[in-house]
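**Q** I'd like to ask you about the structure that follows.
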Amino acid sequence: MDLASRNQTTSLDGEASLHNDELLDVEVVPHAKGATSHGRVLMAMSGGVDSSVAALILQQEGYEVIGVTMKLFDGETADEDSSCCSLEDTEDAKQVALRLGIPHYTFNFKDAFEHAVIDKFCESYLQGLTPNPCIDCNRYLKFDRLQQRRRELDLDFVATGHYARRVWDKERGRYLLKTARDKSKDQSYVLYHLSQDQLAHMLFPLGELTKSEVRHLAADHGFSNAEKAESQDICFVPDGDYASFITRRCGTEISSLQPGPIVDTEGNILGTHQGVAHYTIGQRKGIGVAGPEPYFVCRKDAQTNELVIGTAKETAIEKITIGDVNLIAFDKISEPLQAQVKTHYRQQAQAASVRAIPGSDNLEIVFDQAQRGCAPGQAAVIYDGDTVIGGGTIL
């Protein structure tokens, strides 16, 4: 039977089944003898237009493409009908794969997603941090787990619909990660954690395209998702109410979810907050305290349950320390370097100096101009023009 015409579900642990409960051997993607190809690619297909067109481009370039969709929810974790990775998204991916004539599989990554993304998200918020679950999903699922499956199936590459570019630098003898041609869609910020081994086995087919070009290609090839809207919220919190999600999942007895004092930078009590997990660093609206000038959230202290607020000037940050550092452009930073740094996804990269902190694996970043909203738990990504030097987690 043609694999492209079968509706398969394959789990990470090697169990594989069809929707009609027919068993399928774990070698689900046998290599056709005598087939010629630029390589065999595990194409991560979310059901959106980007990954669909990425699969199309790879096929047109002569790769042997195998479409895969990650099943992350079980119906109790999140509202599957209103988030990405929903049942509807899986069906959209299957339809595109069928139209392209490529096999499609659904990998069961629910347990890994619960542990590596959702649990970490909740724990971080309860500790007063501001996590980025999209980076964790990319890091631990789209790359670690899919690369693991690629190796198990003896394939050549994993590909995604990210807007970024991978370039081989002959002089340095290493792969570089670069920003996308479409700067408004560039996603290099969420990819700073990629290793040289992962980059050697990664493809980003959309790196040279704009979003409008991608939609035109989808429409030209009759994809039903050509005009599909993009997911804007965290997939497991589609309504954006993080605190309510954490409360439902963790209970109400945790101190970070309890009311506590709002204090200024001098320690003066100005009011009462509803639980520090309800607030984010840099937040201005919804604090509930009026003053002669606007207040912003400066710090969340989960141990004392204090919410520290200050004026715009008081919230300005001149330097940060980052840990869990991954460098792509080179192995280490021996001397201080001038670079540009993003501390959140949509931010314009800001001029800064970067140096290694002696006696640790951490880096210190000093901004040319003080910044607001540098939240512990978020990623800081370092650039040299269009090249990603690396990044880490703000400590």
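**Q** Does any residue of segment 151-161 turn out to be within 16 Å of VAL381 (Cβ to Cβ), buried (at least 20 other Cβ atoms within 10 Å of the Cβ) and in contact with a helix residue (DSSP H, G or I) (Cβ under 8 Å, 6 or more places away or on another chain)?
**A** In the first step, residues of segment 151-161 are kept if they are within 16 Å of VAL381 (Cβ to Cβ); the result is none.
Scanning segment 151-161 turns up no residue that is within 16 Å of VAL381 (Cβ to Cβ), buried (at least 20 other Cβ atoms within 10 Å of the Cβ) and in contact with a helix residue (DSSP H, G or I) (Cβ under 8 Å, 6 or more places away or on another chain).
**Q** Related question: Within segment 184-193, which residues are touching a helix residue (DSSP H, G or I) at 6+ places or on another chain (Cβ under 8 Å) and either surrounded by fewer than 23 Cβ atoms within 10 Å (Cβ to Cβ) or of a type in the set (Gly, Ala, Ser) (or both)?
**A** Scanning segment 184-193 gives SER184, LYS185, VAL190.
**Q** Something else about it: Tell me which residues, restricted to segment 40-81, are of a type in the set (Gly, Ala, Ser) and either modelled with pLDDT under 95 or surrounded by fewer than 13 Cβ atoms within 10 Å (Cβ to Cβ) (or both). First the steps, then the outcome.
**A** First pass over segment 40-81, keeping only residues of a type in the set (Gly, Ala, Ser): 44, 46-48, 51-52, 54-55, 62, 67, 75, 78.
Result: SER46, GLY47, GLY48, GLY62, GLY75, ALA78.
**Q** Scan segment 279-300 residue by residue and report those that are in contact (Cβ under 8 Å) with a residue 60 or more places away in the chain and out of contact with any Asp or Glu (no Cβ under 9 Å at 6 or more places or on another chain).
**A** THR280, ILE281, GLY282
**Q** Conditions: (1) more than 20 Å from the chain's Cα centre (by Cα); (2) outside any loop (DSSP other than H, G, I, E, B); (3) modelled with pLDDT of 90 or more. GLU88 meets all but one. Number of the miss?
**A** Every condition holds for GLU88 apart from (3).
**Q** I've got another one for you. Going through segment 289-321 one residue at a time, which ones are closer than 16 Å to PRO259 by Cα and in a loop (DSSP other than H, G, I, E, B)? Let's see the steps before the verdict.
**A** Looking only at segment 289-321, we keep the residues that are closer than 16 Å to PRO259 by Cα, and these are 289, 297, 299-309.
Scanning segment 289-321 gives VAL289, ALA302, GLN303, THR304, ASN305.
**Q** Among the candidates CYS250, CYS298, single out the residue that is in contact with a Cys (Cβ under 7 Å, 6 or more places away or on another chain) and not acidic (Asp, Glu).
**A** Details: CYS298 fails: in contact with a Cys (Cβ under 7 Å, 6 or more places away or on another chain).
Just a single option satisfies the conditions, and that option is CYS250.
Residues are listed down the side, and each one gets a yes or a no for (1) in contact (Cβ under 8 Å) with a residue 24 or more places away in the chain; (2) among the hydroxyl-bearing types (Ser, Thr, Tyr); (3) buried (at least 16 other Cβ atoms within 10 Å of the Cβ); (4) under 16 Å from ASN138 (Cβ atoms):
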{"site": "HIS201", "(1), (2), (3), (4)": "yes, no, yes, yes"}
{"site": "PHE204", "(1), (2), (3), (4)": "yes, no, yes, yes"}
{"site": "GLY207", "(1), (2), (3), (4)": "yes, no, yes, yes"}
{"site": "VAL214", "(1), (2), (3), (4)": "yes, no, yes, no"}
{"site": "ALA219", "(1), (2), (3), (4)": "no, no, no, no"}
{"site": "GLY222", "(1), (2), (3), (4)": "yes, no, no, no"}
{"site": "SER231", "(1), (2), (3), (4)": "yes, yes, yes, yes"}
{"site": "PHE236", "(1), (2), (3), (4)": "yes, no, yes, yes"}
{"site": "TYR242", "(1), (2), (3), (4)": "yes, yes, yes, no"}
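**Q** Across segment 321-336, which residue is surrounded by the most Cβ atoms within 10 Å (Cβ to Cβ) among those that are of a type in the set (A, V, I, L, M, F, W, C) and closer than 13 Å to ILE357 by Cα? Spell out the reasoning first.
**A** Residues of segment 321-336 that are of a type in the set (A, V, I, L, M, F, W, C), as a first pass: 322, 325, 327-330, 333.
Adding the requirement that they be closer than 13 Å to ILE357 by Cα leaves 322, 325, 333.
On the way: ILE322: 26, VAL325: 20, ILE333: 18.
The selected residue is ILE322.
**Q** Can you say whether GLY373 is within 24 Å of the chain's Cα centre (by Cα), touching a residue at least 24 places away in the same chain (Cβ under 8 Å) and at positive phi, as far as the supplied structure shows? Before the answer, list the steps.
**A** On the way: within 24 Å of the chain's Cα centre (by Cα): yes; touching a residue at least 24 places away in the same chain (Cβ under 8 Å): yes; at positive phi: yes.
Yes: the conditions hold for GLY373.
**Q** May I ask you to list the residues in segment 96-137 that are among the aliphatic types (A, V, I, L, M), at pLDDT 90 or above and under 18 Å from ARG248 (Cα atoms)?
**A** Once the filter is applied, which keeps residues that are among the aliphatic types (A, V, I, L, M), at pLDDT 90 or above and under 18 Å from ARG248 (Cα atoms), segment 96-137 yields VAL117, ILE118.
**Q** Has segment 324-331 got at least one residue that is within 30 Å of ASP182 (Cα to Cα), of a type outside the set (Phe, Trp, Tyr), touching a strand residue (DSSP E or B) at 6+ places or on another chain (Cβ under 8 Å) and not in a strand (DSSP E or B)? Talk me through it step by step, then tell me what you get.
**A** Let us first name the residues in segment 324-331 that are within 30 Å of ASP182 (Cα to Cα), namely 324-331.
With the extra rule that they be of a type outside the set (Phe, Trp, Tyr), the set shrinks to 324-329, 331.
Next, from what is left, pick out any that are touching a strand residue (DSSP E or B) at 6+ places or on another chain (Cβ under 8 Å): 324-329.
From what's left, not in a strand (DSSP E or B): 328-329.
There is at least one residue in segment 324-331 that is within 30 Å of ASP182 (Cα to Cα), of a type outside the set (Phe, Trp, Tyr), touching a strand residue (DSSP E or B) at 6+ places or on another chain (Cβ under 8 Å) and not in a strand (DSSP E or B).
**Q** Taking ILE281 as the residue in question, decide whether it is buried (at least 19 other Cβ atoms within 10 Å of the Cβ), of a type in the set (A, V, I, L, M) and in the same structural domain as SER353 (by TED's automatic domain parsing). Steps first, please.
**A** Values: buried (at least 19 other Cβ atoms within 10 Å of the Cβ): yes; of a type in the set (A, V, I, L, M): yes; in the same structural domain as SER353 (by TED's automatic domain parsing): no.
No; evaluated as a whole, the condition is false for this residue.
**Q** Shifting gears a bit: Quickly run through segment 364-378 and pick out the residues that are crowded, with 22+ Cβ neighbours inside 10 Å and aliphatic (A, V, I, L, M).
**A** Listed by number, the residues that qualify are ILE365, ALA375.
**Q** Now a separate question. Collect the residues in segment 302-350 that are acidic (Asp, Glu) and either touching a helix residue (DSSP H, G or I) at 6+ places or on another chain (Cβ under 9 Å) or without any contact (Cβ under 8 Å) to a residue 24 or more places away in the chain (or both), keeping them in residue-number order. Don't jump to the end; show me each part of the working.
**A** To start, the set of residues in segment 302-350 that are acidic (Asp, Glu) comprises 306, 314, 318, 324, 331, 335.
Correct list: GLU306, ASP331, GLU335.
The values are calculated or read from the model by the stated rules, or taken from the named source; none is laboratory data. Being a predicted model, the structure only gives us computed values, none of them experimental. Because the Cβ atoms are built from the backbone with ideal geometry, glycine has one as well, and the counts that use them run over all protein chains shown.
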